[in-house]
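The values are calculated or read from the model by the stated rules, or taken from the named source; none is laboratory data. These numbers were taken from a predicted model, which means no experiment stands behind them. Here Cβ is always computed from backbone atoms with ideal geometry, including for glycine, and neighbour counts include all displayed protein chains. Please note that ligands, DNA and RNA were not included when accessible areas were found on the heavy atoms of the full protein model with its side chains. Shrake-Rupley method; radii C 1.70, N 1.55, O 1.52, S 1.80 Å.
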Amino acid sequence: MTLSLRPVARSEFDLVRHIQVEPDQTRFSGTVAQAFEEDEDGVDFHAILNGSGAAGFFKIDRLYHETYSFAAPQDLGLRAFMIDRGEQGKGLATATVAALKTYLPALYPGRGAVVLTVNLQNPGAIRCYLKGGFQDTGGIHPHGLAGPQHILRMELKGR
C-alpha cells in the first residue's frame, strides 16, 4: 500500500468519479456524485490515493460547527468518508484516518481537531475511526440521516 492524500478541485470529478462503496454503505457515506452535486459552503474534497489511483474520497467541512452544536468553531468536520469497494479490507481506511492527524494541519493551520458522526449501526466504520485515532466523546447525535450517531473527535498535530 502506497497511501497519499490530496485535495480535489470541483473540476477534478473524473479523478474520483469511479469510487463506489457497497450498496449497504451508501446510506452512511452517500456517493461521490452526490458530493459534487451539492453546493455546500466551506466544504473541501479530498482523494485517498493508493499508488497513483484514487481509492477513496472524503469531505472536510470548515463550517461544521454551524450545523453541529457539539463542534467548536476551530474544529473541522469529516464527512462522506468512503473507500472504493474494490479497495476495502486492505487497511486503507484505518491508515487514512491515522494520516489525517498530520495531513489536515498542513492544509488547515490553526484547527484544533477533526470531528465526525458515525452511525450506531456501522460497527466497521466505528472500529476504523477508533483504531485510526479518533476518541468517542460519549455523545450521541440523534438526527443522522440513517439514525442515531456516535460523536467522535481527534485532536490534530501541529497546532
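Computed values, structure above
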| read-out | value |
| --- | --- |
| Failed condition for Glu40, given (1) in a helix (DSSP H, G or I); (2) modelled with pLDDT under 95; (3) surrounded by fewer than 19 Cβ atoms within 10 Å (Cβ to Cβ); (4) not basic (Lys, Arg) | (1) |
| Condition met for Asp61 (buried (at least 22 other Cβ atoms within 10 Å of the Cβ) and charged (D, E, K, R)) | yes |
| Test: residue in the range 71-79 that is farther than 22 Å from Ile151 by Cβ and aliphatic (A, V, I, L, M) | no |
| Filter pass, Ala125 being assigned to a loop (DSSP other than H, G, I, E, B) and buried (at least 17 other Cβ atoms within 10 Å of the Cβ) | no |
| Tally, over the range 84-118, of residues that are under 29 Å from His143 (Cβ atoms) and open to solvent by less than 10 Å² (accessible area, probe 1.4 Å) | 10 |
| Pair list, Cβ under 7 Å, 6 or more apart: the range 26-40 residue within 16 Å of Ala9 (Cα to Cα), other residue assigned to a helix (DSSP H, G or I) and of a type in the set (D, E, K, R) | Phe36/Arg10 |
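To keep it simple, each residue is scored yes or no on (1) small (Gly, Ala, Ser); (2) over 17 Å from Tyr129 (Cα atoms).
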position	(1), (2)
Asp24	no, yes
Ala47	yes, yes
Phe58	no, no
Gly89	yes, no
